[in-house]
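S.K.: Sending over a structure as structure tokens; questions will come in a sec.
The values are calculated or read from the model by the stated rules, or taken from the named source; none is laboratory data. The shown structure was predicted, so the numbers you read here are calculated from the model rather than taken from an experiment. Cβ atoms come from the backbone with ideal geometry, glycine included; neighbour counts cover every protein chain shown. To get the accessible areas, we keep the full protein, side chains included, count just its heavy atoms, and leave off ligands, DNA and RNA. Shrake-Rupley method; radii C 1.70, N 1.55, O 1.52, S 1.80 Å.
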Amino acid sequence: MTVNTPPARPTKTRGIEAARAQQAIWLLLPTLIAIALVAGYPLYRTIYFSLFEANLTTPDQRTFIGMGNFWFTTEDGVALGFLQDPKWWGAVKNTLLFTVVSVTLETIFGMIIALVVNSTFKGRGILRTAMLVPWAIPTVVSAQMWSYLYNDTFGLIGRGLLGGQALLANTDSAIWALIAVDVWKTTSFMALLILAGLQSLPSDMYEAADMDGASKWTQFWRLTLPLLRPALLVALVFRSLDALRVFDIMSVMLGNVNAAATSMTGYARQALIDNSLLGYGSAVSVAIFVIIMVIVVIYVTAFRVKFD
Amino acid sequence: MKKVIALVSLSAAIAFSSNASAVTVTLACGAVGQELELCKAGAARWAKKTGNEVKIFESPNLTNDRLGLYQQQLAAKSSDIDVYQLDVVWPGLLAQHFVDLKGKVPAAEVNAHFKGIIDANTVNGKLVAMPWFTDAGLLYYRTDLLKKYGFKSAPKTWTEMALMAKKIQTGEQKTNKAFTGFVWQGKNYEGLTCDALEWVVSFGGGTIVDATGKVTINNAQAAKALDTAASWIKTISPAGVTTYAEEEARGIFQSGNAAFMRNWPYAWALGQGDDSKVKGKIGVAPLPSGGSRNAATLGGWQLGVSQYSKNQAAAIDLVRYLAGPAEQKIRAIEGAYNPTIQSLYKDKDVLAKNPFFGSLYSVFTSAVARPSGPTKSKYNQVSQAFSTAVSDVLNGKMKGQAAVAKLAGDLNRIKGRGW
């Protein structure tokens, strides 16, 4: 069609394009309205409530306090904002530690597993399916399963391997136990994403490299890794986002009070639900939203991730 | 045949008595120990009597989780649940969502209950809920093991308890590796607040926040109480005790793997059950003293009618029935749930089944209340700050002195512009 269009009549083509654009807007409108309703409105309400002092059970009785939920010091020098709460910063620190360590380990293990199942051998199909089992189990179930394993009186790990140590009792040691659970659970998902990337690499390239006498090691560093970069980065963004808003593992394995000290979302839940501080909890949620936004923007711009 | 007759008469009763008035009432029951079965059975008896129907809503085990769920239901003004089972520390927090039972329940019926518990359920003159059963921390011990190791009676002080537990543990571990001296609720949640309040009060360290709302926790006795508890871990209590709630502790004690246990009265009936390995070998005593007094934390559950209920009349009738003497007697006999009606403590059938009810009567009547009154809607935050500080001491992150000093700061922060 483009070949046959004479270039001398630009006004008419612009007309068609304008008409198409208009049509596209009408087609997009239902989606945009749906997004505004299900995502935009709750977000707006959260930001709105973050500026108020309000109770969850009586949201109608609220007082405007501006940024008081974020930062406020009374005349007696008592700090009331959550940014002044050391427990919040502990939760941020633990969440970041959890994210960095678990995502790094998952990427490394995922890469190794993907490379293994990418090569041809007998029973490869079964193996590819079987490795997804941990990922297919609902997190709440696997978290409960692991907390039994960690139990110090009858757990296979707590009693059997560690001789009666309670890993989950202390939030400092618990974070490593939680990382282990997350790595166990999500490595296979990472492997699957990387495997999809590996499958798209042309095999004749490796044949040529073999002909030129490049070692497998060189092939991995010079060919596989650079070509895999787009797929790998998308996988990294997904996993990092998931890890930053982790909630279920902490809540099930540590209980809600300790979960608040180990994850940002746990802290938000505790403020909002346990303590019914609607304003304060909303402010925390807004902060989590901003933190995750900033990290995503850094990721996408620094590594030039393309989602197409 | 009996069943058929019962069924026929039941359906006849429904057909006659109810007609248009038969309604379905939803009751939220707890599920710790035998709670759920007793709750279901009691509700069924009421349903049979009145021709109404009762739907049971199973609540989460941990009281913190329960509160979170209830608050969401109530904030949404949901009519899904008509009757809620409320913890003794919640009336101040949830009062506005419940029907004022004053005047709707006859005064004579209200006055049959312990005055202290009725007071705890009265917020600004409004009777938020009817007491259903009361609770206080108790020390459970193995009578057979105490005898075996030459002890004549239950320990009077914490020091004595620790010595006895150590001796029994050392002896028993020769044949049973999993045996431990003392189990309690060390997980960071409301239960730890109850346990730790008992230690602090028994050492003369006050009640965290006093009746006037002043933060009193930063004192040497409180610090000493927490340090003492921390010294039990890995000596007479397993390392994992800091992850145990009520049921984990009971599991270990009931399978014969512990010499002492701190728990609520409900553990008695289960310990005497046929599947219990320690049946007939359990003794119950007041919790030891830290030098000041024996202290037990007041617990207990109440029944309140939601303001948003569509069947308030039937719901109030259900509450009156369940909180009434007949039902409380059944629960005391079958589940060792402490009645809130004074006269039942003199009832022969109740005492035959729970001999300790009579001898420990003073423990139940003089139990220490958690500071939910003075801290009002912020009680939950106070309790979390307290249990977190205690947890830090138990896990060796902090010494008692430093922990109570930091806690006092945290509590003043939570207090902010006032409770």
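S.K.: What part of the accessible area of the protein assembly as shown, given as a whole %, is carbon or sulfur when the probe is 1.4 angstrom? Don't jump to the answer; show the numbers that get you there.
M.R.: Details: 20910 of 33400 Å².
Roughly 63 percent, rounded to a whole number.
S.K.: Specify the longest stretch of chain A that does not include any exposed loop site, a site being one of the trypsin sites (Lys or Arg not before Pro) with a non-H, G, I, E, B DSSP assignment and at most 11 other Cβ atoms within 10 Å. It would help to have the intermediate numbers written out before the result.
M.R.: Working: sites that count: A:Lys122, A:Arg304, A:Lys306.
In chain A, the maximal stretch lacking such sites is A:123-303.
S.K.: About the Cα centre, and with charges only on the beta carbon of Lys, Arg (+1) and Asp, Glu (-1), how big is the dipole of region B:67-161? Nearest 20 debye, please.
M.R.: On the way: 10 positive and 9 negative charges, 88 e Å.
Charge dipole of region B:67-161: 420 debye, to the nearest 20.
S.K.: Sorted from largest down, give the three principal axis spans of the alpha carbons of region B:286-399, whole angstrom values.
M.R.: If we take the Cα atoms of region B:286-399, the spans are 51, 41, 23 Å.
S.K.: A further question follows. Taking R0 as 51 Å, what's the FRET efficiency between B:Lys40 and B:Lys174 from their Cβ-Cβ distance, rounded to 0.05? Could you put the intermediate results ahead of the total?
M.R.: Working: r = 44 Å, r/R0 = 0.87.
Computed FRET efficiency for B:Lys40 and B:Lys174 comes out at 0.70.
S.K.: Using only helices, what value at 222 nm comes out for the protein assembly as shown when you add -39,500 (n - 2.57) per DSSP H run of length 4 or more and divide by the total residues, to the nearest 500 deg cm²/dmol? If you can, show how the numbers build up before the last one.
M.R.: On the way: 34 runs with 396 residues, N = 727.
Dividing the helical sum by the residues of the protein assembly as shown leaves -17000 deg cm²/dmol.
S.K.: On to the next question. What shape does chain B have by the C-alpha gyration tensor, where a ≥ b ≥ c are the square roots of the eigenvalues, rounded means a/c under 1.5, and otherwise prolate means a/b greater than b/c and oblate the rest?
M.R.: Numbers: a/c = 2.14, a/b = 1.37, b/c = 1.56.
It is oblate, given that a/c is not under 1.5 and a/b is not larger than b/c.
S.K.: Between A:Ser119 and A:Ile291, what FRET efficiency follows from the Cβ-Cβ distance if R0 is 51 Å, with the result rounded to 0.05? The partial results should precede the final answer.
M.R.: Details: r = 40 Å, r/R0 = 0.79.
It comes out at approximately 0.80.
S.K.: Still on this structure: Can you tell me what the convex hull of the Cα atoms of region B:117-164 projects to on average, as an area in nm²? Please report the intermediate quantities before stating the final value.
M.R.: On the way: hull surface 21.4 nm².
Result: a mean projected hull area of 5.3 nm².
S.K.: Something else: Once Rh is set to the Kirkwood radius over Cα pairs, what Stokes-Einstein translational diffusion coefficient, in µm²/s, holds for chain A at a temperature of 10 °C and a viscosity of 1.306 mPa s? All intermediate terms of the calculation are to be shown ahead of the outcome.
M.R.: Values: Rh = 23.4 Å.
The Stokes-Einstein estimate is 68 µm²/s.
S.K.: Under the rule of at least 5 residues apart or a separate chain, name every residue whose amide H is placed under 5 Å from the amide H of B:Ala258.
M.R.: HN-HN under 5 Å from B:Ala258: B:Thr180.
S.K.: Next question, about the same structure. So for the protein assembly as shown, Kirkwood radius off the Cα pairs, Stokes-Einstein at 4 °C and 1.567 mPa s: how many µm² s⁻¹?
M.R.: Details: Rh = 29.2 Å.
Rounded, D is 44 µm²/s.
S.K.: Something else about it: Accessible area per residue, 1.4 Å probe, Å², for chain B: what's the number? Each step should come with its number before you reach the end.
M.R.: Values: 16250 Å² over 419 residues.
Accessible area per residue: 39 Å².
S.K.: So for region B:229-353, what percent of the C-alpha to C-alpha distances run longer than 23 Å? Walk me through the numbers on the way to the answer.
M.R.: Details: 3783 of 7750 pairs.
The calculated P(r) of region B:229-353 puts 49 percent of pairs beyond 23 Å.
S.K.: While we're on this one: To one decimal place, what Kirkwood hydrodynamic radius in Å is obtained for region A:175-308 from all pairs of distinct Cα atoms? Don't jump to the answer; show the numbers that get you there.
M.R.: Values: mean 1/r = 0.0566 Å⁻¹.
Value: 17.7 Å, from the Cα pair sum.
S.K.: Also, quick follow-up: Over the alpha-carbon set of region A:58-114, work out the extent along each principal axis and list the three values in angstrom, largest first.
M.R.: Largest to smallest, the principal-axis extents are 57, 29, 16 Å.
S.K.: Can I ask one more? What are the residues of region B:35-77 that lose 20 Å² or more of accessible area, with a 1.4 Å probe, going from their chain alone to all protein chains?
M.R.: B:Asn64, B:Asp65, B:Gly68, B:Gln71, B:Gln72, B:Ala75
S.K.: Let me ask something additional. Given Cα positions, please report Rg to Rh for region B:139-202, the hydrodynamic radius being the Kirkwood one.
M.R.: Values: Rg = 13.3 Å, Rh = 13.1 Å.
Across region B:139-202, the Cα-based Rg/Rh ratio is 1.01.
S.K.: Turning to a different aspect of this structure: Could you give the alpha-carbon Rg of region A:154-245 over 2.2 N^0.38 Å, rounded to two decimals? Working shown, then result.
M.R.: On the way: Rg = 19.6 Å, N = 92, 2.2 N^0.38 = 12.3 Å.
With N residues counted in region A:154-245, Rg over 2.2 N^0.38 Å equals 1.60.
S.K.: Here's another thing I want to ask about it. Computed on alpha carbon atoms, what radius of gyration and Dmax characterise region B:271-312, expressed in Å?
M.R.: Considering region B:271-312 through its Cα atoms, Rg and Dmax are 19.3, 52 Å.
S.K.: Another question about this same structure. Nothing charged except the Cβ atoms of Lys and Arg (+1) and of Asp and Glu (-1): what's the magnitude of the dipole of region B:303-354 about its Cα centre? Round to the nearest 20 debye. Let's see the in-between values first.
M.R.: Values: 7 positive and 5 negative charges, 11 e Å.
Rounded to the nearest 20 debye, it is 60 debye.
S.K.: Figure the gain on full extension for A:Ala24 and A:Leu127 (residue separation times 0.36 nm, minus the Cα-Cα span) and round it to one decimal in nm.
M.R.: Values: separation 103, 0.36 × 103 = 37.08 nm, distance 4.44 nm.
Roughly 32.6 nm would be gained on extension.
S.K.: Using a 1.4 Å probe on protein heavy atoms only, how many Å² of accessible area do B and A hide from each other, summed over both chains and rounded to 100? Can you show the working numbers first?
M.R.: On the way: alone 17580 and 18460 Å², together 33400 Å².
The B and A chains share an interface burying roughly 2600 Å².
S.K.: Amide H to amide H under 5 Å from B:Phe57: which residues, 5+ apart in sequence or cross-chain, H placed 1.01 Å off N in plane?
M.R.: The list, which skips near neighbours in sequence, is B:Leu27, B:Ala28, B:Cys29.
S.K.: Now for a different question. Any idea of the accessible area per residue across chain A, 1.4 Å probe, to the nearest Å²?
M.R.: Details: 17150 Å² over 308 residues.
Ligands and nucleic acids excluded, the figure is 56 Å² per residue.
S.K.: Separate question: Amide H neighbours of B:Leu139 under 5 Å, at least 5 residues apart or on other chains, H built in the peptide plane: list them.
M.R.: Those lying under 5 Å, H to H, from B:Leu139 are B:Ala285, B:Leu287.
S.K.: Another question about this same structure. Of all chymotrypsin sites (Phe, Trp or Tyr not before Pro) in region A:88-140, which ones are in loop regions per DSSP and have a Cβ with at most 10 other Cβ atoms within 10 Å? Each step should come with its number before you reach the end.
M.R.: Details: sites: A:Trp88, A:Trp89, A:Phe98, A:Phe109, A:Phe121, A:Trp135; in loops: A:Phe121.
In loop regions of region A:88-140 (DSSP not H, G, I, E or B), the sparsely surrounded chymotrypsin sites (Phe, Trp or Tyr not before Pro) are A:Phe121.
S.K.: Just the number, please: percent antiparallel of the DSSP beta bridges in the protein assembly as shown, rounded to the nearest 5. Can you show the working numbers first?
M.R.: Values: 31 of 45 bridges.
So the antiparallel bridges in the protein assembly as shown amount to around 70 percent.
S.K.: Which listed residue (B:Ser237, B:Ala178, B:Ile168) has the Cα farthest towards the positive end of the charge dipole for region B:114-268, taking +1 on Lys and Arg C-beta and -1 on Asp and Glu C-beta about the Cα centre?
M.R.: Comparing the listed Cα positions along the dipole, B:Ile168 ranks first.
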